[in-house]
């Protein structure tokens, strides 16, 4: 029997404004073992015994109460076994020794430092080789990485990275996060759907931490990520948010809805952040990226070389025509 398990979050918090802050300490995975039915008083579910000799995992309905205390690994899931598979990856850990281990409502400064230390010399320019089933970065991604490192080595001006659609802008962003070892990063995207997609990639680190990948060392920790889905209402709330998250992902709509005083405070706090702004529209004929990118915005004030770096990402349809 194969059991698919959800990720384990060492940080899993919701702010008073209902913005989520999370850090994965163990990615979702699939393990082999034996499955049996479980019953205790009015509680019914399954018990899974991993073939590798790990502790038993109890699988119960998500809203279960009065779970026996002697089980250290408990997953809440409404999934049922089908044949030789049980997919509990959409469930959540109700109990796990690492669950919430790094939660700190007062701030995650020490946790962020541990993440940065784990990224020291952890990144490698490993190129994908499909013929040999080798997981790695594509040529356009490696080229973009070298280009932006070269750009930031000689100038403090905002970088605009132009990559054809489908070449992997998100993994390139992840690679920059780790190779530069950004202490703080703001990512501004145009839509809610893209915010969710990008946040998931930053949480898992995509192919960088995929099974069999050697782009980053296995010892490299995952970043602490905030999905900014609700408008901050005070400078205090912003300050608290920025002290607890390493990567903040939001939309230009949320930024634009902030009151003038909050926007001013955001610009002050954001000086300690690097920033990336993902723009997914096509480049119209006769227009330059400067025409489209102009105008600034909440998280795109001019960078200071000593404090932060800024990049704009442009997604274009690829064409060989002139």
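Values in this text are rule-based calculations from the coordinates and carry no lab data. All values reported here derive from a predicted model rather than from experimental measurement. Cβ coordinates were reconstructed from backbone atoms using ideal geometry, including for glycine residues, and neighbour counts include every protein chain displayed.
Treating r as the C-beta distance of residue 239 and residue 114 and R0 as 30 Å, the FRET efficiency rounds to 0.90.
Among 66, 40, sorting on how many other beta-carbon atoms sit within 10 Å of each Cβ, with the fewest leading, yields 66, 40. Annotation: the residues 138, 132, sorted from fewest to most other C-beta atoms within 10 Å of their own C-beta, follow the order 132, 138. Residue order for 209, 63, fewest other beta carbons within 10 angstrom first, comes to 63, 209.
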